[in-house]
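For reference, the structure discussed in these notes is given below.
The values are calculated or read from the model by the stated rules, or taken from the named source; none is laboratory data. Predicted, not measured: the structure shown is a model, and the values here were computed from it. FYI the Cβ positions are ideal-geometry reconstructions off the backbone, even for glycines, and counts take in every protein chain you see. Quick note on the areas: whole protein, heavy atoms, side chains included, nothing else; ligands and nucleic acids left out. Shrake-Rupley method; radii C 1.70, N 1.55, O 1.52, S 1.80 Å.
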Amino acid sequence: MTFIARTAGALLGLAMLAGCDGGLPPVSTPVDAPTEAVSTVGDATVRASVVTTGSLGQAVADRYGIERGDDIVMLLVGLRRGEGADEVSVPARITATASDLRGQRHSIEMRELQSGELLDYVGTLQVDMPETLRFEVQIVREDGSSERMEFTREFSRR
């Protein structure tokens, strides 16, 4: 399954599971915000997405090994070569930071997450809501090629 299909399926599942947890105040990104940032590093495609972990179902949070919370955002990064059934992970070193509107810069510790034969990178950051965060993701492949992605996401309480 491709990263896009898995991410889209996960986000749809997250939206459906979010209503099952009654007690957590909902947090969301604006409807018009892109769900993923896309870039290239050599012959590979990088996809990065961000969600609040409070919107994750407990099973999904357990699978990712992360804490759920309305004030915690999860950054998920995947680096792939090929498409469809021929898609393969490309190993890389991923570093990430997020800056808020006050200019405070926060490092996001990224770790590898194996999902079948595919490898993704995941990290979390606790923030005060509502918040606008500017993410900077540095991707360095084993061959030394690199790419820097920058994107902004807004998070607010509903």
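Here GLN138 passes the criteria (1) open to solvent by less than 50 Å² (accessible area, probe 1.4 Å); (2) touching an Asp or Glu at 6+ places or on another chain (Cβ under 9 Å) except the one numbered (1). Looking only at the range 147-158, which residues are at pLDDT below 90 and not in a loop (DSSP other than H, G, I, E, B)? Scanning the range 147-158 gives PHE155, SER156, ARG157.
Looking at the range 42-50, is at least one residue closer than 22 Å to GLY144 by Cα and touching a helix residue (DSSP H, G or I) at 6+ places or on another chain (Cβ under 7 Å)? Checked against the condition, which is being closer than 22 Å to GLY144 by Cα and touching a helix residue (DSSP H, G or I) at 6+ places or on another chain (Cβ under 7 Å), the range 42-50 yields at least one hit.
Summed over the range 107-135, the residues that are open to solvent by less than 30 Å² (accessible area, probe 1.4 Å) and among the small types (Gly, Ala, Ser) give a count of 1.
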